[in-house]
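Worksheet: the structure to be examined is printed underneath.
The values are calculated or read from the model by the stated rules, or taken from the named source; none is laboratory data. What you are looking at is a predicted structure, and each value in this text was computed from that prediction instead of being measured. Because the Cβ atoms are built from the backbone with ideal geometry, glycine has one as well, and the counts that use them run over all protein chains shown. Ligands, DNA and RNA are excluded from the accessible area calculation, which covers all protein heavy atoms including side chains. Shrake-Rupley method; radii C 1.70, N 1.55, O 1.52, S 1.80 Å.
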Amino acid sequence: MPDLDLQAEERINRSLNIVEEIATEKERAIQTICFHCGQNCEETHWLDEKVFCCYGCKTVYEILNANDLCEYYQLDNHPGISLRNIDDKNFLYLDEEPIRKKLTTFDSEDFAKITFAIPSIHCVSCIWLLENLQKIDHGVLRAEVNFVGKSVAIEFVPDRIKLSKLAGLLSSLGYAPQINLDADGKINRALTNPIVFKLAVAGFCFGNVMLFSFPEYLGLDQTDPFLIRIFSFLNLALAVPVFFYSGFDYLRSAAKSFKQRQINIDVPIAAGLIALFFRSAFDIMTNTGSGYLDSFTGLVFFLLIGRWFQSKTYESLAFDRDFKSYFPLAVQRMVNNEWRSVIIYHLSPGDLIQIRNMEIIPADSTLVDDYAFIDYSFVTGESRPVKPKQGDKIYAGGRLIGQPIQLIIEKSTSQSQLTSLWNNPAFGKANESKYKKIIDQSARAFTWVVLVIAVITAVYWRFTNSSQMWLVLTSVLMVACPCALALAAPFTYGNMMRVFGRNQFYLKNADVIERIAAIDSIVFDKTGTVTHGNKPKVEFCGKLSDEELGVIKLLTGSSTHPLSIMIAQSINKISNEKILEFKEMPNKGIQGIVNGHFIKIGSPEFVDATHLSDSQGSNVFVSIDGEVIGYFHIQTSLRKNIKGMIDRLGKKCDALLSGDTENDASAMKSLFTDHTLLFFNKSPHDKLEYIHNLQQHGKTVLMVGDGLNDSGALKQSDVGIAITDNVGVFTPACDGILNGHKLSSLDKFISLAKSSTVILKSAFVISFLYNAVALGFAVTGNLTPLTAAVLMPLSSISVVGFSSIAVNTVAKHKLK
């Protein structure tokens with residue numbers, strides 16, 4: 001018997017081991033299923049006790065988890081798509097050179113930029129995921145989502161990730177790009193915006209519910225109870241698609257906000273919709289009433305109309321996407337065998353243009369000259385110049401370094417391209433918008449306040465008149481809306497930008513207005529800013545032959561410095577020679593080799609000249625092959641009415657910083673008041689340091705310069721304004737571009753900026769008063785849900801209308 005017991009025990013142990021091994025295998029099988037995509041893991045990557053099949057799936061989870069967006073995984077057990085083997089076969093055609101060149105806005109071996117239309121962008125999770133593509137694939141450098149435009153601009157390294165793979169990556173994440181090879185490349189919004197269909201469904205159902213409710217409206221609801229019952233169920237059937245389709249975005253948005261442990265504006269709306277729908281369904285199903293389905297369907301219909309209106313409103317806020325309205329860049333175009341200055345949006349494919357030193361390439365072009373040096377830091381953020389050769393493509397946004405070149409335009413510049421370059425974060429300033437912060441904080445608190453008021457109202461009406469409780473509760477939840485508050489700042493500043501633009505003061509973005517309003521110290525440059533070259537008196541002290549005069553015109557015509565332009569315009573002789581080894585040294589001068597002669601034009605120190613000078617005006621010296629020939633004496637005039645502007649600014653005029661000699665010191669002393677400090681012979685670094693020192697002492701500084709020798713100072717200042725006289729040179733570090741003959745209105749622009757803050761505060765007051773009054777009517781039962789749904793978008797219209805009228809009225813008064 002003991003032997004039998006021993007054998008039985010051994011058999012039991014073997015069985016238990018087999019069961020344990022099976023369980024272990026099952027556990028291993030479960031553990032090797034990717035948490036993100038659900039596929040078996042050929043190799044395992046662990047994080048937070050979760051296993052992933054590849055680095056890509058793991059990174060997507062990290063991005064979502066780091067930003068509290070893991071409700072994505074609550075949609076399904078394994079909702080993601082595997083990133084282990086991205087299928088890019090459908091996008092292989094993108095790697096063909098003609099197509100790649102057409103789609104990319106910049107393309108080189110180590111840097112490329114493309115903008116994809118992504119119609120499926122719909123929430124904050126989409127934005128976080130798309131703007132962290134660089135964590136999924138190291139070939140991506142940066143991604144920036146345009147939520148309103150449903151697009152993403154991606155900078156990437158072509159050697160690390162092909163364009164086809166990049167498109168495949170987006171598709172695998174659930175954001176398949178919409179590729180359009182047509183000329184405009186625009187998305188058909190009517191086909192991609194579902195709000196149109198949802199609005200149509202809600203309108204159809206609302207109309208029919210109203211029709212079936214007519215017997216009740218006419219007091220005939222007791223004539224045929226059976227028919228009334230049928231109509232009630234038909235109304236309920238019509239309300240179902242309105243609730244689960246037309247109004248579902250509100251429910252989904254509210255659910256997401258709870259999962260993210262936040263409360264957004266859609267929470268009270270969703271609560272109102274749920275209360276009305278389910279209360280009505282309960283009344284109809286239990287035959288205790290006809291419900292409120294006419295109010296419910298009408299409510300959703302008018303809410304969608306309001307949302308559609310707001311979407312159109314935000315699209316109209318794209319002030320910074322249309323450079324035509326405020327981007328006064330001009331270049332030289334060949335017209336009838338002579339160079340004429342034209343605004344860049346008048347350029348067409350095939351036009352021959354000439355670009356001078358430090359000018360911006362306005363459109364994708366083909367190089368006509370043998371070679372050129374192009375600085376693409378404006379596009380890529382890197383200041384390393386490249387050397388394209390004849391026939392190579394030159395991309396819009398590059399800056400020419402060196403001797404002039406000729407280009408043939410390939411395609412017109414898109415309205416947003418150069419503006420987006422100007423707004424590149426690399427050239428931005430860290431100042432946070434005070435009003436944006438206030439709006440964000442107010443909007444978050446607003447929803448909680450509304451919910452608390454709604455609960456108190458519901459309790460009150462439950463004991464006062466329970467039959468009206470649901471309608472009153474819904475009215476309270478619907479009528480209160482912070483949308484007007486959110487629209488106040490962008491519309492006020494946006495309208496002010498348009499006013500400035502119409503008066504030839506062009507700003508980078510709306511946030512600049514807020515900074516201008518806070519200015520308490522202004523620093524001016526002299527040449528090209530306070531003075532200008534309108535009919536200057538230019539005389540050469542020395543002797544030059546006609547041939548030498550032609551060469552001087554050729555060299556100075558290659559520079560965009562105001563003094564060079566004045567000299568070139570004063571000389572009538574023409575030289576057909578070519579310039580070699582052209583260089584322009586900021587604050588010093590220009591040099592080059594023409595017909596074998598080495599020529600330098602600039603300051604006395606630059607050309608090794610003796611101390612020849614005049615008591616008034618600027619002197620520009622000339623040396624040929626090391627011998628000083630003489631100098632141009634230039635007497636410039638002050639800009640018209642600038643004295644009055646400086647007097648009106650008063651003590652805000654802190655200093656004049658000039659790189660020129662003290663020849664014009666007496667003229668500047670008579671122009672500025674005694675408390676304005678005058679500095680001469682200042683280098684670009686000296687200007688920057690002076691502004692930095694002012695800021696260290698608590699000053700908010702506005703720098704006004706020509707953008708040539710003071711780009712560092714413009715960037716260092718709180719607001720940098722570049723003065724232009726219709727030329728193609730400006731620095732991306734500037735915050736605004738002011739037409740030269742409008743400089744005398746600078747004090748008026750500053751005053752207008754201050755007025756915009758007053759208008760904005762008034763718009764805030766209007767928004768709060770609207771909500772307070774509307775809530776008062778709703779809480780007391782004097783407002784139906786349908787009326788509340790109509791009033792909610794009207795609040796936005798009132799703020800938009802007020803800001804537009806107020807800005808235009810104040811502008812007419814101040815700029816007259």
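Reported count of residues in region 675-714, each being in contact with a helix residue (DSSP H, G or I) (Cβ under 8 Å, 6 or more places away or on another chain) and of a type in the set (Lys, Arg), is 2.
Here 510, 445, 484 are screened, and the one residue that is at pLDDT below 85, open to solvent by less than 10 Å² (accessible area, probe 1.4 Å) and under 28 Å from the mean Cα position of the chain (by Cα) is 484.
Listed here are the residues, each with its yes/no results for (1) more than 40 Å from the chain's Cα centre (by Cα); (2) open to solvent by 10 Å² or more (accessible area, probe 1.4 Å); (3) modelled with pLDDT under 75.
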{"site": "227", "(1), (2), (3)": "yes, yes, no"}
{"site": "232", "(1), (2), (3)": "yes, yes, no"}
{"site": "266", "(1), (2), (3)": "no, yes, yes"}
{"site": "284", "(1), (2), (3)": "yes, no, no"}
{"site": "297", "(1), (2), (3)": "no, no, no"}
{"site": "301", "(1), (2), (3)": "no, yes, no"}
{"site": "311", "(1), (2), (3)": "no, yes, yes"}
{"site": "333", "(1), (2), (3)": "no, yes, no"}
{"site": "340", "(1), (2), (3)": "no, yes, no"}
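May I ask you to verify whether residue 784 is open to solvent by 30 Å² or more (accessible area, probe 1.4 Å) and more than 23 Å from residue 490 (Cβ to Cβ)? For residue 784, the condition - open to solvent by 30 Å² or more (accessible area, probe 1.4 Å) and more than 23 Å from residue 490 (Cβ to Cβ) - is met.
This table checks each residue for (1) among the β-branched types (Val, Ile, Thr); (2) more than 30 Å from residue 445 (Cβ to Cβ); (3) touching a Lys or Arg at 6+ places or on another chain (Cβ under 7 Å).
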{"site": "495", "(1), (2), (3)": "no, no, no"}
{"site": "513", "(1), (2), (3)": "yes, no, no"}
{"site": "521", "(1), (2), (3)": "no, yes, yes"}
{"site": "530", "(1), (2), (3)": "yes, yes, yes"}
{"site": "552", "(1), (2), (3)": "yes, yes, no"}
{"site": "573", "(1), (2), (3)": "no, yes, yes"}
{"site": "595", "(1), (2), (3)": "no, yes, no"}
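The residue of region 139-163 that is least open to solvent (accessible area, probe 1.4 Å), among those that are assigned to a loop (DSSP other than H, G, I, E, B) and charged (D, E, K, R), is 150. Can you tell me which residue in region 98-138 is nearest to residue 394 (Cα to Cα), limited to those that are open to solvent by 20 Å² or more (accessible area, probe 1.4 Å) and assigned to a strand (DSSP E or B)? This residue is 105. Filtered by the rule that a residue be more than 18 Å from residue 745 (Cα to Cα), buried (at least 19 other Cβ atoms within 10 Å of the Cβ) and touching a Phe, Trp or Tyr at 6+ places or on another chain (Cβ under 8 Å), region 515-539 gives a lone residue, 538.
Just for region 458-481: of the residues that are of a type in the set (S, T, N, Q), open to solvent by 10 Å² or more (accessible area, probe 1.4 Å) and part of a helix (DSSP H, G or I), which one is modelled with the highest pLDDT?
Restricting to residues being of a type in the set (S, T, N, Q), open to solvent by 10 Å² or more (accessible area, probe 1.4 Å) and part of a helix (DSSP H, G or I), the top hit is 464.
Would you call residue 733 modelled with pLDDT of 85 or more and in contact with a helix residue (DSSP H, G or I) (Cβ under 8 Å, 6 or more places away or on another chain)? Here the answer is no, as residue 733 does not meet what is asked. When region 630-641 is limited to residues that are in contact with a strand residue (DSSP E or B) (Cβ under 9 Å, 6 or more places away or on another chain) and at pLDDT 80 or above, the one that is surrounded by the fewest Cβ atoms within 10 Å (Cβ to Cβ) turns out to be 640. Of all residues in region 272-290, which are closer than 23 Å to residue 227 by Cβ and aliphatic (A, V, I, L, M)? Across region 272-290, the qualifying residues are 281, 284, 285. State whether one or more residues within region 740-760 are modelled with pLDDT under 85, open to solvent by less than 10 Å² (accessible area, probe 1.4 Å) and assigned to a helix (DSSP H, G or I). Yes.
Within region 553-602, the set of residues being crowded, with 20+ Cβ neighbours inside 10 Å, farther than 20 Å from residue 332 by Cα and charged (D, E, K, R) comprises just one member, 600. Within 36 Å of the chain's Cα centre (by Cα), among the acidic types (Asp, Glu) and under 16 Å from residue 528 (Cβ atoms), is that true of residue 706? Answer is yes for this residue. If you filter region 630-650 down to residues that are assigned to a helix (DSSP H, G or I) and either touching a residue at least 60 places away in the same chain (Cβ under 8 Å) or in contact with a Ser or Thr (Cβ under 8 Å, 6 or more places away or on another chain) (or both), you find that the one that is nearest to residue 620 (Cα to Cα) is 642.
The helices (runs of 4 or more DSSP H) falling completely within region 658-719 that include 1 or more residues that are open to solvent by 10 Å² or more (accessible area, probe 1.4 Å) and under 26 Å from residue 514 (Cα atoms) map to 684-696, 711-716.
Among the candidates 579, 593, the residue that is in contact (Cβ under 8 Å) with a residue 12 or more places away in the chain and either assigned by TED's automatic domain parsing to the domain that holds residue 339 or in contact with an Asp or Glu (Cβ under 7 Å, 6 or more places away or on another chain) (or both) is uniquely 593. What residue, among those in region 377-410 that are modelled with pLDDT under 80 and farther than 26 Å from residue 562 by Cβ, is most open to solvent (accessible area, probe 1.4 Å)? Among those residues, the one meeting the criterion is 384.
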